[in-house]
Each structure stands twice: as C-alpha cells, then as structure tokens.
Amino acid sequence: MTREEVITYLKTELQFDVKSIGLLDIYVDELLKFNKQYNLISKSTESIVWDRHILDSAQTIKFINPSKNLKICDLGTGAGLPGLIIAIYGYKLGFHVKLYEKSSVKCKFLINTINKLKIDNVLVENINIYDISIKADYIVTRAFKKLSEVLSISREIVSTSHKLILLKGKGAEEEIKKMNFANNYKFEVKKSITDPESKILIFDVKK
C-alpha cells in the first residue's frame, strides 16, 4: 500500500485520528533520518515504510480491547515497532506503553523521537528483560525471538494474566507445530493484512 492508502486504512478501520496521523508522520521522518546512520530497519524497506512497518505494527490494535490505564509492554521493541505505534494510537485513551530494548543506540532514537512526539504515555526501558518482573495486560512483540522463548518469558517473567500478541513471519506455523502445548495455552492464529504469509499469534496467558 502507498502512504495514502495506509492512512485511509488507519483512519477508517483502526480509528486513528488526525493528530495521531500527524504523529506518525513525525515518527517516520525521524526513523528514516536516523536510519541513514544506524540500522533500525532494513534499507530495502525504507521506500515501503508505511506498509511494511507502520501498518504492520498498527494492525495489532485490532486485538487490544481499549480501557483506561491499560498496561502494554513491547519486548525487544527495536525502533518502537509495534509499541510506539500503539502508544501513538492510545495517547488519548490512557494506554500506558513500556518499550523494552537492550540496545542503547535504539533507546537513544526512541527517547529523542518520543520527545519530539510530545506524548507522555510511553516509557523506554533500556534493560535486559531477564533481570526483571513485568506486570502487563498485553505483551506485544515483533521480530523478537522464537515462539518457544517468548512463551517462556511470558510464563516466567510476566507476573500477571495477559494477552500475548506476536507478529510472526512465514515460519509461524512451523514454529507452532514444533511446540508442545501441554500447558493448554489458548491461542488464535490471524492473517497479517500486510503479508499473506505472515501471521499474528494471540495467546491468552492465565496466572
């Protein structure tokens, strides 16, 4: 999709408002500027950033039930995908989003960009997630780790019941087949709107 087509989708299907679209423009400008020096996203995807990264991240919103003071954590957020896109959408809804990233360079980009966006519902955590305990209503990840490891983190590090939303590539179904769901995880597999071979995995994790 072109930028214009993505924006139309964001407005009509996901209810992004005019201000949030403006914030996305600022984010994209900063992302492409920073990417000239650092490898935040693949250079080959810069020309399709709105479809490949913005819309791909924004589609997670379809699986989040909005409520005030909702706590969302993005593990291995990288350039803020999808967590910062969710925070931009939820700036007026009371979403509290934490972006966990161990790379200091990526955290510098995130902090600088959030300052330019002037939104206060998002926090950058430059920390190794294996050293902490997390409380969240939703955990989101994109291009983070293999399914087995994400589920292990969800089970051992997240101390509250939560929904786990994973954006996975074309190998998602193979990963599912290799897993032993003896713990009776309840999960759904949804098609990605940006890539027919990619999937969105949604787990309901009870504590």
Would you be able to say whether some residue in the stretch 55-73 is under 17 Å from D25 (Cα atoms) and in contact with a Lys or Arg (Cβ under 8 Å, 6 or more places away or on another chain)?
-> yes
Looking at the stretch 75-93, is at least one residue open to solvent by 10 Å² or more (accessible area, probe 1.4 Å), farther than 17 Å from R142 by Cβ and in contact with a helix residue (DSSP H, G or I) (Cβ under 9 Å, 6 or more places away or on another chain)?
-> yes
Got a sec? Which of L32, L14, L40 is of a type outside the set (S, T, N, Q), surrounded by 12 or more Cβ atoms within 10 Å (Cβ to Cβ) and free of Cβ contacts under 8 Å to residues at least 24 places away in the same chain?
-> L32
Report whether or not I48 is within 17 Å of V28 (Cα to Cα) and out of contact with any helix residue (DSSP H, G or I) (no Cβ under 9 Å at 6 or more places or on another chain).
-> yes
Test: V158 is within 16 Å of V97 (Cα to Cα), in contact with a Pro (Cβ under 7 Å, 6 or more places away or on another chain) and among the aliphatic types (A, V, I, L, M) | no
Residue hits (the stretch 35-77; under 30 Å from S161 (Cα atoms), in a helix (DSSP H, G or I) and of a type outside the set (S, T, Y)) are H53, I54, L55, D56, A58, Q59, I61, K62, F63
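The values are calculated or read from the model by the stated rules, or taken from the named source; none is laboratory data. Bear in mind that the values here come from a model prediction, so they are computed numbers and not experimental data. Every residue, glycine as well, gets a Cβ built from its backbone with ideal geometry; the counts of neighbours run over all protein chains shown. What goes into the accessible areas is simple: the full protein's heavy atoms, side chains included, and nothing from ligands, DNA or RNA. Shrake-Rupley method; radii C 1.70, N 1.55, O 1.52, S 1.80 Å.
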